[in-house]
Structure formats: structure tokens, C-alpha cells
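Data first, discussion second: the structure below is written as C-alpha cells.
Since every read-out is calculated from the coordinates, none of them should be taken as a lab result. Please read these numbers as outputs of a predicted model, since none were measured by experiment. Because the Cβ atoms are built from the backbone with ideal geometry, glycine has one as well, and the counts that use them run over all protein chains shown.
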Amino acid sequence: MSTDTNTAVADSRGNRKREIGYVVSDKMTKTRVVEVVEHYKHPMYGKFLKRTNKFHIHDENNDSKAGDKVMIIETRPLSKTKRWRLMKILERAV
């Protein structure tokens, strides 16, 4: 078994979904809105399209700000709309 803490947590909690997106709103306390953009190819016409999802995430320490690139991870329901939490900040906004 690996001694790496990230691997140990992943093993004990199963395989959780992870997404990378940008913080679009930081107006709420301990909650952020993260926009995740997915590019996909239309199955019939072959055109590349953009699909956007917005997730409410839990940010315990209010670390992230609008414009930050973040990695989020799926978690148990924390409120009516929050099912994701902040894993780490990949890039700070300028």
C-alpha cells in the first residue's frame, strides 16, 4: 500500500470525480461558483461545441477568488446545491 496521503484517501473513499474550472463568483461565505467548460465533437455533424456547467463548491477557508483556476472533487451533499469541494488552487487570478 502506498504511503502517499492522496492515494490513501482515494483508496479509502473510492474513486471520486474531479473537475478543473474557473471561479466565477465568490460572493458567498465558504461557497464558490465554479464554471467547468467541456469541448466535445457533435456526433453527426463533426462540429466542435462547448458545454458549460456551473457547480457550487465548498471552500472552507475562503482561499479562492474570482478568476482562479481550481480543481474540485465530488463529495457528500453539504447543502441543497453543494456537492463538490475545493481540492486545490491551480492558478491564481492576476
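Name the most mobile residue of 15, 61, 53, meaning the one with the largest mean-square fluctuation, in a Gaussian network model of the chain with Cα contacts below 10 Å.
Answer for the Gaussian network model of the chain: 15.
Among 12, 79, 64, which one moves the most in a GNM of the chain with springs linking Cα atoms closer than 10 Å?
Fluctuation is largest for 12.
Lysine pairs, Cα distance under 16 Å, 8 or more residues apart or cross-chain: how many in the chain?
Summing the qualifying lysine pairs gives 17.
Residue by residue, what Karplus-based ³J(HN,Hα) values in Hz, rounded to whole numbers, does the range 12-17 have, using 6.51, -1.76 and 1.60 with θ = phi - 60° and x for Gly and Pro?
So the Karplus estimates, Gly and Pro as x, are 6, 9, x, 9, 8, 5 Hz.
Using the Karplus curve 6.51 cos²θ - 1.76 cosθ + 1.60 with θ = phi - 60°, work out ³J(HN,Hα) for each residue of the range 45-56 in order, rounded to whole Hz, and write x for Gly and Pro.
8, x, 6, 7, 10, 10, 10, 10, 10, 10, 10, 8
Could you tally the net charge around residue 47, taking each other residue with its Cβ under 15 Å from the Cβ of residue 47, Lys/Arg +1 and Asp/Glu -1?
Charge balance in the 15 Å sphere: +2.
Return the sequence-ordered ³J(HN,Hα) values of the range 27-34 in whole Hz as given by the Karplus equation 6.51 cos²θ - 1.76 cosθ + 1.60 applied to θ = phi - 60°, using x for Gly and Pro.
Rounded to whole hertz, the list is 7, 9, 6, 6, 9, 10, 10, 10.
With no solvent and one point per C-alpha, what does the Debye sum give as log10 I(q)/I(0) for the range 17-91 at q = 0.13 Å⁻¹?
Here log10 of I(q) over I(0) equals -0.40.
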